[in-house]
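Structure first, then comments.
The values are calculated or read from the model by the stated rules, or taken from the named source; none is laboratory data. Every value quoted in this text rests on a predicted model; they were computed, and no experiment measured them. Calculation scope for accessible area: heavy atoms of the full protein, side chains included, ligands and nucleic acids excluded. Shrake-Rupley method; radii C 1.70, N 1.55, O 1.52, S 1.80 Å.
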Amino acid sequence: MEGKIALQLKATLENVTNLRPVGEDFRWYLKMKCGNCGEISEKWQYIRLMDSVALKGGRGSASMVQ
């Protein structure tokens with residue numbers, strides 16, 4: 001039997017280079033906050049470690065670019 005566990009985490013993630021769960025197919029559900037106006041998104045967005053988006057200028061990749 002598989003269950004769901006919720007964890008609420010609040011953090012300032014400046015200069016963080018590695019934040020990983022155990023396992024490859026894990027989804028982080030997040031609400032984003034605008035760094036300019038402070039508005040918090042109404043809908044949850046998810047990212048997965050398995051997903052990869054190229055960064056502009058050929059500087060590598062990230063799991064989420066917004």
Accessible area in square angstrom per residue, the chain, 1.4 angstrom probe: 102
Report relative contact order for the chain in percent, whole number only (criteria: Cα-Cα under 8 Å, sequence separation at least 6). 22
Considering only protein heavy atoms and a 1.4 Å probe, what is the carbon-and-sulfur percentage of the accessible area of the chain? 51
